[in-house]
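The values are calculated or read from the model by the stated rules, or taken from the named source; none is laboratory data. These numbers were taken from a predicted model, which means no experiment stands behind them. All Cβ positions, glycine included, derive from the backbone under ideal geometry; neighbour counts span all protein chains shown. Note: accessible area is taken over every heavy atom of the protein model, side chains too, but ligands, DNA and RNA are not part of it. Shrake-Rupley method; radii C 1.70, N 1.55, O 1.52, S 1.80 Å.
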Amino acid sequence: MRATFVAAGGHFLSGGSVQITNSDLNSESISTLIEYNNFDYLVSGDMTGGGSTSTAKTPDVETYVAQMVGDVDVVQLDHHGSTTANNQVFLSALKAEVAFAQTGETNTFGHPNRETANKFLNTPNTIGATYTGTGVPAVPSTGTVFYQNEASPAGDDR
């Protein structure tokens with residue numbers, strides 16, 4: 001098994017960096033690629049990515065991470081599946097077959113966000129499979145899969 005720290009504090013393994021400020025400490029998150037044989041898993045904490053509700057002050061760190069990492073099998077959605085992360089470039093570069101969101105049943109933010117879950121499900125994975133709906137999908141036998149560790153506060157299980 002190998003764990004590679006791809007980004008931390010806005011600095012990338014490739015030598016580049018993104019300007020971050022104290023206004024959004026989530027952009028300092030550590031991004032780790034875990035590899036075991038042919039299995040690749042990416043986890044990046046609360047990393048920011050300029051999602052649909054991001055302000056201009058939120059740096060897009062995750063796009064650079066995804067471009068360095070490329071195709072993975074599993075991704076833990078950034079920032080609990082919120083709309084401030086998990087942009088389309090990030091998801092398209094990763095082509096993950098499975099995504100999951102770390103949430104809490106009592107979270108007051110409604111994480112994971114339905115828009116974010118659908119954005120992942122509608123992004124082609126490595127073999128080109130997608131889920132083309134907008135509601136809660138049935139558990140598929142092939143194609144993309146989305147998991148979360150607890151029920152959503154609104155009962156909108158994914």
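What single numbered condition from (1) surrounded by 15 or more Cβ atoms within 10 Å (Cβ to Cβ); (2) modelled with pLDDT under 85 fails to hold for residue 127?
All conditions pass for residue 127, except number (1).
Taking strands (runs of 3 or more DSSP E) that fall entirely within the range 1-106, which contain at least 2 residues that are of a type in the set (Ser, Thr, Tyr)?
Details: elements: 2-8, 31-36, 39-43, 74-76, 98-101.
So the answer is 31-36.
Within the range 49-76, can you find the residues that are at pLDDT 90 or above, under 16 Å from residue 28 (Cα atoms) and not β-branched (Val, Ile, Thr)?
Correct list: 62, 64, 66.
Of everything in the range 15-29, what is farther than 15 Å from residue 58 by Cβ and in contact with a Phe, Trp or Tyr (Cβ under 8 Å, 6 or more places away or on another chain)? Give them in sequence order.
16
Pairs please, first residue from the range 88-110 and farther than 16 Å from residue 76 by Cα and acidic (Asp, Glu), second anywhere and open to solvent by less than 70 Å² (accessible area, probe 1.4 Å) and outside any helix (DSSP H, G or I), Cβ atoms under 7 Å, 6+ apart in sequence or on different chains.
Every condition considered, the pairs that remain are 105/151; 105/153.
Taking the residues in the range 7-48 that are at pLDDT 85 or above and of a type in the set (Val, Ile, Thr) as candidates, determine which candidate is most open to solvent (accessible area, probe 1.4 Å).
30
Go through (1) in contact with a His (Cβ under 8 Å, 6 or more places away or on another chain); (2) modelled with pLDDT under 80; (3) open to solvent by 30 Å² or more (accessible area, probe 1.4 Å) for residue 103 and report which single condition fails.
(3)
Among (1) on the phi > 0 side of the Ramachandran plot; (2) under 12 Å from the mean Cα position of the chain (by Cα); (3) open to solvent by 70 Å² or more (accessible area, probe 1.4 Å), which single condition is residue 79 missing?
(3)
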